[in-house]
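Q: Mind looking over this structure? Questions follow.
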Amino acid sequence: MTINVIEISVVIPVFNEDKTIKETCIRLRSILSKVVKNFEILVVDDGSTDDTVLVLKSLLEEIEELRVIKLHLNRGHMVAINVGLRHSRGKATAIIDADLQDPPDALVEMYELIESSASTRDPVFIVEAQRINRSTDTRFKRVTARLYYRFVRILTGIKITSNVADYKMMRREVVEVLSQVSE
Ligand code: UDP
Ligand code: MG
């Protein structure tokens with residue numbers, strides 16, 4: 001049996017976020033440390049060309065719960081998310097953007113929903129944050145989002161609502177199925 005089970009992993013896809021990533025990691029650590037004992041912040045650097053790598057390097061000295069995975073080329077945020085999911089170890093795993101456009105405090109509520117239902121007959125597998133207005137997205141983004149969710153639904157049989165942001169938290173079982181979805 002593992003002694004230090006990681007309760008929550010948070011995956012952050014990151015492309016040229018040298019202005020935001022430090023604050024985001026510090027905010028996340030402060031929130032998560034109030035909720036669980038063991039967590040990890042999993043940053044996937046999607047081939048950034050600004051100073052993101054340098055910022056992450058110094059953050060690694062500061063935040064022991066931080067793990068960084070570096071992609072050498074920019075592959076797009078969905079690939080970065082998938083790489084993060086494959087490396088995540090938490091009993092629950094969340095995905096959040098680096099720019100704090102989605103309120104990180106909501107992670108607490110997401111985790112409570114998953115955790116409090118875990119030993120019931122109807123456990124919550126995924127908690128998804130819904131964007132109030134998606135019309136600001138480009139057409140391309142809307143289409144890729146639809147395709148992605150349809151793809152996942154077909155492969156897993158798990159119904160994931162379309163038109164949600166990437167901001168969500170999932171139980172381990174879901175992460176494992178999603179990790180098998182090829183890039
Ligand atoms: N991102 C990424 N690779 C890319 C573009 C974006 O990993 O090629 C990351 C970005 O750093 C952010 C998240 O994906 O953490 C969402 O990107 P963005 O904020 O540009 O998307 P939007 O807010 O428009 O959905
Ligand atoms: Mg954004």
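Derivation of every value follows stated rules applied to the coordinates shown; laboratory data play no part. Note that the structure is predicted; figures quoted are calculated from it, not measured. Backbone-built Cβ (ideal geometry, glycine too); neighbour counts: all protein chains shown.
Q: In what order do E64, E115 fall by count of nearby beta-carbon atoms within 10 Å, going from fewest to most? Please list the in-between numbers first.
A: Values: E64 9, E115 18.
Going from sparsest to densest Cβ surroundings: E64, E115.
Q: By counting other Cβ atoms within 10 Å of each Cβ, how are D122, D46 ranked from fewest to most?
A: Details: D122 6, D46 27.
Ranking D122, D46 by Cβ neighbours within 10 Å, fewest first, gives D122, D46.
Q: In addition: Arrange the following residues from fewest to most other Cβ atoms within 10 Å of their Cβ: I63, I12, I41.
A: Values: I63 17, I12 26, I41 23.
The order, fewest Cβ neighbours first, is I63, I41, I12.
Q: Hey, can you grab everything whose amide H is under 5 Å from the amide H of I69? Only 5+ residues off in sequence or another chain; H modelled, so Pro and N-termini drop out.
A: Excluding prolines and chain starts, which carry no amide H, the hits are V43, V44, D45.
Q: Still on this structure, please answer the following. Convert each backbone phi in region 22-28 into a coupling constant with the Karplus relation 6.51 cos²θ - 1.76 cosθ + 1.60 (shift: θ = phi - 60°), then list the ³J(HN,Hα) values in order as whole Hz, x for Gly and Pro.
A: 5, 4, 4, 5, 5, 4, 4
Q: Still on this structure: Please report Rg over Rh for region 8-127, where both radii come from the alpha carbon positions and Rh follows the Kirkwood definition.
A: Working: Rg = 14.3 Å, Rh = 14.6 Å.
Checking Rg against Rh, the ratio lands at 0.98.
Q: Could you tell me the relative contact order of region 1-102? Use alpha-carbon pairs under 8 Å, at least six residues apart, and round to a whole percent.
A: On the way: 196 pairs, mean separation 44.1, N = 102.
Reported as a whole number, the value is 43 percent.
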